[in-house]
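Visitor: Before I ask anything, let me first share the structure, which is written out below as structure tokens.
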Amino acid sequence: MKVRILKAVAVLVGSTALISPIAATGYAVGTAGAATVPVSPVGTYNVTVVGKISQVDMTIKSNGRFNIPGGPSGTWTETNNLLQLTGAVGGYSYVFVIHQKGVNLGSAAKPGTIKLNSKYWANWYGVPATHPAAT
């Protein structure tokens, strides 16, 4: 069924070359007949790492990179509303995973997880930044 969904999208667009890798990933995942569109979380967020750090800024860029000043930076991928950021700082590797809800990267009630060198480290969530740097 996944192949049928991709073929249908290719016919509508006219060429699979016009579908970005992120969009193609979003359409390839899901149940039969239910094509979903990625959330695309590009922007600046105030991030809270529960019990560790509160209110640091994180920027997710359209070129597939993310950055936390003084913290991890690296790459991000998205499948439907599942966001994964993989980065490193100071010799440590981090993987951030979260189910994005609308414009937020989770919430205090439903945070994502952070793994440090493949082991659970903390929960996290982010909300769009409201300060001038977000524009």
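The values are calculated or read from the model by the stated rules, or taken from the named source; none is laboratory data. No experiment lies behind these values; they were computed from the predicted model shown. Here the Cβ positions follow ideal geometry from the backbone for every residue, glycine too, while neighbour counts run over all protein chains shown.
Visitor: Given the criteria charged (D, E, K, R) and at pLDDT below 55, does R65 qualify?
Guide: Working: charged (D, E, K, R): yes; at pLDDT below 55: no.
In short, no.
Visitor: Right, here's the next one. I'd like to know if region 36-53 contains one or more residues that are touching a helix residue (DSSP H, G or I) at 6+ places or on another chain (Cβ under 8 Å), at pLDDT below 85, surrounded by 13 or more Cβ atoms within 10 Å (Cβ to Cβ) and of a type outside the set (V, I, T).
Guide: Checked against the condition, which is being touching a helix residue (DSSP H, G or I) at 6+ places or on another chain (Cβ under 8 Å), at pLDDT below 85, surrounded by 13 or more Cβ atoms within 10 Å (Cβ to Cβ) and of a type outside the set (V, I, T), region 36-53 yields at least one hit.
Visitor: Among the candidates S107, S93, S62, single out the residue that is of a type in the set (S, T, Y) and in a strand (DSSP E or B). Spell out how you get there, then give the answer.
Guide: Working: S107 fails: in a strand (DSSP E or B); S62 fails: in a strand (DSSP E or B).
Only one candidate qualifies: S93.
Visitor: Specify which of the listed residues (K52, K119) is charged (D, E, K, R), more than 21 Å from V39 (Cβ to Cβ) and in contact (Cβ under 8 Å) with a residue 40 or more places away in the chain.
Guide: On the way: K119 fails: in contact (Cβ under 8 Å) with a residue 40 or more places away in the chain.
Being charged (D, E, K, R), more than 21 Å from V39 (Cβ to Cβ) and in contact (Cβ under 8 Å) with a residue 40 or more places away in the chain holds for just one of K52, K119, which is K52.
Visitor: OK, next. Are there any pairs, at least 6 apart or on different chains, whose C-beta atoms fall under 6 Å, with the first in region 98-110 and assigned by TED's automatic domain parsing to the domain that holds L85 and more than 11 Å from V47 (Cα to Cα) and the second of a type outside the set (A, V, I, L, M, F, W, C) and assigned to a loop (DSSP other than H, G, I, E, B), and if so, which?
Guide: Going by the 6 Å Cβ cut-off, the qualifying pairs are I98/G106; H99/N81; Q100/P41; Q100/N81.
Visitor: Determine whether region 58-73 contains at least one residue that is free of Cβ contacts under 8 Å to residues at least 12 places away in the same chain and either surrounded by 15 or more Cβ atoms within 10 Å (Cβ to Cβ) or among the polar types (S, T, N, Q) (or both).
Guide: Yes, that holds for at least one residue.
Visitor: Moving on to the next point. Failed condition for K110, given (1) surrounded by 15 or more Cβ atoms within 10 Å (Cβ to Cβ); (2) in contact with a His (Cβ under 9 Å, 6 or more places away or on another chain), with all others met?
Guide: (1)
Visitor: Right, next: Can you work out which of the residues in region 65-81 that are assigned to a loop (DSSP other than H, G, I, E, B) and over 20 Å from P111 (Cα atoms) is farthest from the chain's Cα centre (by Cα)?
Guide: G70
Visitor: Hey, can you tell me all the residues within region 41-59 that are assigned to a loop (DSSP other than H, G, I, E, B) and farther than 19 Å from K115 by Cα? Steps first, answer last, please.
Guide: Step one: of region 41-59, the residues assigned to a loop (DSSP other than H, G, I, E, B) are 41-42, 50-52.
Hits for region 41-59 are P41, V42.
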